[in-house]
Amino acid sequence: MSTLIVRDRIAPNVSTHDIVIIGGGCIGCSVARSLSTASALDVAVVEKEHHLAVHQSGRNSGVLHPGFNYEPGSLKARFATEGTRRMKTYAAENDVPIANDGVLVVAQSDAEERRLRDLQRQADANGVEAELLRGADAIESYEPHAAGQAALVAPAAASIDAQQYVYSLARDARATGVDFYTDTRVEGVSPTRDGFRLRTSSGRLNARYVVNCAGLHADRVADAFDVGTDLQVIPFRGEYYEVVPDRRELCRSMIYPTPDPELPFLGVHYTRRTDGTVIVGPNAVLALGREAYTNTDVNPRDLVEILGYRGFRRLVSDPKMLRVAATEVNKSYRKTAFVEAARRLVPSLSADDVTKSYAGIRAQLVSADGDLVKDPVVRHTDASTHVLNAVSPGLTCSLPLGDHLADRIIENFEAV
Ligand SMILES: Cc1cc2nc3c(=O)[nH]c(=O)nc-3n(C[C@H](O)[C@H](O)[C@H](O)COP(=O)(O)OP(=O)(O)OC[C@H]3O[C@@H](n4cnc5c(N)ncnc54)[C@H](O)[C@@H]3O)c2cc1C
């Protein structure tokens, strides 16, 4: 399967489109595909990197979350359930690698087991199949190396090659006429009589309507439209280890801890990827830059902005958050601490069984009051749409979210 799509070039003077989408991740490419399928509008995607899906969309766990984790009736629950179903069909029809292995969520205490029962009720309400296993034998029959007192099995969960999925969306969009300007960073925006002029690193673009799907930079792009100025993205890095090849039998499918309802991150888990590798992670540490993928990377501008943000200072003044932060930083700097967390799920894992792998950075919106915003946030103006918090499971939700946004964008566009 090819990994690069052909790059379009901005005309020497200026190129003009009905709609310009900023960001070539799973959300931007899904919106582009939906818009070009549902309308005859002239659409372009602008991506600052050479490849698509270089940031969050290509640096995640690649898990399709079928919806047992999300409050019944919420948009997240609806989109995760529908998204999982649709992505499985899409992957099968478009040769995107996928492994339909299901997930095991393990409880280690009575409190966690009660939480699993709640999750099972949520699963029922959301129409997601989930079975509660009790005792070590039942768990071992599903995952021979996993340990716990109870576990929830959700067979609908799957692992997908996220990068190939985004390339496939982009190929679909391109086939229906969408232009892709890669290696092109949007650097400034100014209003015009009938829309906006975007100043980019490769030339100028005119757009009657702009869709901001800029992920880790979405709040900054929105700022230029005077939108979402009350919110800021705080980057949280998630680091992964990979299980060495001759110990991959430690995980057959996916093994997760019971989630803490107060935290937006799911905790260190095991995922068997579509190529047979098994990854362990991610943790969640403050990244000292929006694209700071290692703990020695620092972006001074980003760091000053993070520390200067009232919402961040309020967040870290919460003693629970400080405790969580200390534990997560420990996992980042000390392999033994990371392995210790992973051993809660699979006790026979040893430090020699894993090697350091990739990292991803979550664009986590934090409100001025210091709350970690858990739901997607989308803001619209007459001629622009801003996806400000495409938090996990954003990959899982991307097909229905793309359609949902496209409907609203077409409606707005026609009203302008
Ligand atoms: C560690 C981690 C694990 C995760 N695990 C899962 C999971 O298992 N399942 C799941 O469903 N979800 C998961 N997620 C969430 C999921 O990855 C995201 O919700 C999703 O990828 C967000 O996609 P996006 O298109 O909004 O952002 P991105 O993929 O970050 O895309 C934004 C794009 O905008 C571009 N851009 C930014 N600024 C500009 C500019 N000025 N000009 C031009 N281009 C610009 C960037 O280069 C980038 O390519 C995880 C996320 C992380 C970080």
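Structure notes:
- Sequence of R323, R343 from largest to smallest accessible area, 1.4 Å probe: R323, R343
- Across the chain, the relative contact order, built from alpha-carbon pairs under 8 Å that are at least six residues apart, equals 23 percent.
- Ordering F312, L250, A342 by Cα displacement along the dipole of region 232-367 toward the positive end leaves F312 in first place; charges were set at the Cβ atoms of Lys, Arg (+1) and Asp, Glu (-1).
- Put simply, when 9-19, 145-155 are sorted by average Cβ atoms within 10 angstrom per residue, most first, you get 145-155, 9-19.
- Each 10 Å bin, from zero up to the one with the longest distance, holds this percent of the alpha carbon pairs of the chain: 5, 22, 32, 26, 12, 3, 0.
- Carbon/sulfur fraction of accessible area - region 282-364, other protein chains in place, 1.4 Å, %: 59
- The tail of the calculated P(r) for region 124-249, taken as Cα-Cα distances beyond 20 Å, holds 70 percent of the pairs.
- Taking 0.36 nm per residue of sequence separation and removing the Cα-Cα distance, the L322/V304 pair yields an extension gain of 4.5 nm.
- Its relative contact order, with pairs defined as Cα atoms under 8 Å and 6+ residues apart, puts region 1-108 at 18 percent.
- Solvent-accessible area of T184, all protein chains in place: 0 Å² (probe radius 1.4 Å, heavy atoms, ligands and nucleic acids excluded).
- Inter-label distance, D297 to T176: 3.3 nm, where each label sits 7 Å from its Cα along the C-beta direction.
- Rg in Å to one decimal, and Dmax rounded to a whole Å, for region 232-367 via C-alpha atoms: 15.6, 48
- Using C-alpha pairs below 8 Å separated by at least 6 residues, the relative contact order for region 232-367 is 39 percent.
- Against the chain, whose longest principal axis comes from its Cα atoms, helix 162-175 is set at around 30 degrees.
- Gaussian network model of the chain, Cα within-10 Å springs - most flexible of R174, R199, R114: R114
- Accessible area per residue for region 320-385, computed on protein heavy atoms with a 1.4 Å probe, is 49 Å².
- Rounded to the nearest 10 degrees, the angle from helix 75-94 to the longest Cα principal axis of the chain is 80 degrees.
- Fraction of antiparallel bridges per DSSP, the chain only, in percent to nearest 5: 70
- Difference of contour (0.36 nm per residue) and Cα-Cα distance, K356 to T336: 6.0 nm
- Between the helical axis of 26-38 and the longest alpha-carbon principal axis of the chain there is an angle of about 50 degrees.
The values are calculated or read from the model by the stated rules, or taken from the named source; none is laboratory data. None of the values given here were measured: they were computed from a predicted structure. Glycine also receives a Cβ, built like all others from the backbone with ideal geometry; neighbour counts cover every protein chain displayed. To get the accessible areas, we keep the full protein, side chains included, count just its heavy atoms, and leave off ligands, DNA and RNA. Shrake-Rupley method; radii C 1.70, N 1.55, O 1.52, S 1.80 Å.
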